[in-house]
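Reviewing the structure listed below.
Bear in mind these aren't lab numbers, they're just calculated from the coordinates by the rules spelled out. As the structure is a computational prediction, the values presented were derived from the model and not from experiment. Cβ placement follows ideal geometry from the backbone for every residue including glycine, while neighbour counts extend to all protein chains displayed.
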Amino acid sequence: MAIVTSRHAARQPRLGLSSQMSRVLKALRRVRTSTDAEAVHRLRVALRRCRSLAVLMEEVDPHPAWMETKRLSRKLFRRLGALRDTQVLEHEIKELAPQGDSLRKTLSKVLEDQEVEPRARVRRAVKHFDRKAWKRLAHTLRRRARVVPPNSLAAQCLVLERFEEVCRLHAHAVPSERPRPWHELRIAVKRFRYAVEGLLPARTAAWERGLQQMQDLLGEIHDLDVLDGVVEKEAAGAATDSLRHAIAAARRRCLQQYRHRARGGASVLREWKAELPRGPEVEAVATARLGATVRAMDPHPRRTAHVSRLALRLFEALAASGLQAHFRDDRARVLIRAAAQLHGIRSRRRHMSREESADDVLRALPAPPGWRPDDWEIVTLVVRYHRGAEPKRTHSRFARLRKPRQDLVRGLAGVLRVARAVYHCGATIPSQVRVDKTSAGVRLCIPSLSDSRGNVARLGAAMHLLEISLRQSLLIESLRNPASSSAKPSVGPRLGRPRTSNERKLVLQTQRSQRRLTER
């Protein structure tokens, strides 16, 4: 922005979310006594930082408190924006129109009249702002923000996502002269800057000057576009050619400075890109971002970690056996790892089943960097079908997939179902899982698995989907581990006899399959 107060605000130290929320309350007290340009700007910047970080954290932790932060500050933020726009336009007219010019006086008078109502609305919004609720939110979000520590891999992933958005909009805006692409780029640069300041404080000092220059240039372009529209609307019929020429010249100068700063070997975009994750590092930070979601939303992380290890070991054993081509795909291993990592997350919607709840949370999250949208859709569907109803052709999202992708969903969801069942049956040594091909089907050997009717029923129900994917019968055999043959399983619920008719039927089917295998 061209107003001097914005540059003064930029030199202040960057603080975390908790301190920024405290700064909002401090700025509120000042605006209650004065609605001058500097006070309004400081309050609006503090609110924007809190709102930007709330949007950022909501991509990792879909907790209602982040949405409440945006809702509580929405009205005040909008009122401040209307008043701030008028104050900026007044400053621009004084900068561009010569002293004593009649058009300058006319437009200044129009803007002064337009400023009366926004100023009154700001005072009312400040008066009715719920400070107690804001303080409660600050206390809650202080704990929620710990899932993404500053300068961590998850923090780098979130900043990388904002940088990729800047690059995409930059490529769209630079060849154009239209106002809208430059306005969208301005918003993206702001979001990137606040993400860097909130999550990567180690980079803030080195990038502060470039971030400030880019934001100032883009803000100046936007202000000039708005001012040109005001001149055209409010001064119709007056001699506006000289002022509009000055606005156009200033805009061309800003565009030229931005393009020069963003191109070439000394480009700030190149500087930022060099310090952000690249190549193999992208997968590591994407995995860390998913881990942050697990820490925020999974009530049983130890159980999820154990099931994940079982699922990966089972997947690797199936891939080594050469039963299905999609199990030998490296990308499939990434997908099953992500689905196993995320299958235990929960939302606060109690009317939904666990698998539907996890699917609902994941569908609201953006795909990690480096992921194709269809890969992320596969992960959400695997989480959706890792328990409960099996996928059917009548399910709309599953039916839209091509047949190879449907087979992949069945296979990965089947692996995760069997891993959950094995965990609940008490198996604790995932490193010794073995898969053998036999004339009767596929034999899955798992150590330390007690041979009870409850286990047989549970495993029989879980392996049905995997059998459909493999197109072969699946037989599960327990291997006794010498070191722990006399010990009881250390995890899993108490096991009992099958109670329902379906469980008894599965017990009989599994026993008949095992007898046929023994006879052969």
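The angle between the Cα long axis of helix 17-33 and the main principal axis of the chain comes to about 30°, on a 0 to 90 degree scale. An oblate overall shape is assigned to segment 132-175, the ratio a/c of its alpha-carbon gyration tensor axes (a ≥ b ≥ c) being 1.5 or greater and a/b not exceeding b/c.
When the dipole is taken about the Cα centre of segment 225-304, and only Lys, Arg (+1) and Asp, Glu (-1) are charged at their Cβ, what size is it in debye, to the nearest 20?
For segment 225-304, the charge dipole is close to 360 debye.
Tell me the angle of helix 301-321 to the major Cα principal axis of the chain, expressed in degrees between 0 and 90 and rounded to the nearest ten. So the inclination is approximately 60 degrees. The C-alpha atoms of the chain define a longest principal axis, and helix 179-199 lies at about 60 degrees to it.
Quick one: net charge around Val268, please, counting Lys, Arg +1 and Asp, Glu -1 for every other residue with C-beta under 13 Å from its C-beta.
Once positives and negatives cancel, what remains is +4.
Report, in whole Å, the centroid distance computed from the Cα atoms of segment 143-205 and segment 298-374. For segment 143-205 versus segment 298-374, the Cα centre distance is 28 Å. Bridge orientation summary for the chain: considering DSSP beta bridges with both residues in this region, about 45 percent are antiparallel.
By the compact-protein rule of thumb, 2.2 N^0.38 Å, the alpha-carbon radius of gyration of the chain corresponds to a ratio of 1.27. Distance check, please: which entries in Lys26/Lys135; Lys26/Lys190; Lys26/Lys127; Lys70/Lys132; Lys75/Lys127 exceed 21 angstrom between their Cα atoms? Listed pairs above 21 Å: Lys26/Lys190.
Once Lys and Arg get +1 and Asp and Glu get -1 on their Cβ, which of Cys254, Met67, Ser448 lies farthest toward the positive end of the dipole of the chain? Positive-end residue among those listed: Ser448. Taking the Cα centre of the chain as origin and assigning +1 to Lys and Arg Cβ atoms and -1 to Asp and Glu Cβ atoms, the resulting dipole is close to 2260 debye. What nm value, rounded to one decimal, do you get for the distance between Arg119 and Val174 when each label is placed 7 Å out toward the C-beta? For Arg119 paired with Val174, the spin-label model returns 4.3 nm. Among the trypsin sites (Lys or Arg not before Pro) in segment 364-473, those located in a DSSP loop and surrounded by at most 12 other Cβ atoms within 10 Å of their own Cβ are Lys392, Arg393, Arg400, Arg402, Arg471.
Working out 0.36 nm times the residue gap between Arg131 and Glu38, then minus their Cα-Cα distance, what length gain in nm do you get to one decimal?
Result for the pair: 31.3 nm of gain on full extension.
Note on the chain: helix-only mean residue ellipticity at 222 nm, from DSSP H runs of 4+ residues weighted -39500 (n - 2.57) and normalised by residue number, equals -23500 deg cm²/dmol. Between the amide H of Leu200 and those of Asn151, distances stay under 5 Å, these residues lying 5 or more places away or on another chain, with hydrogens modeled in the peptide plane.
Run the numbers for His395 and Thr204: contour at 0.36 nm per residue of separation, minus the present Cα-Cα distance, in nm.
The span from His395 to Thr204 would gain 64.0 nm if fully extended.
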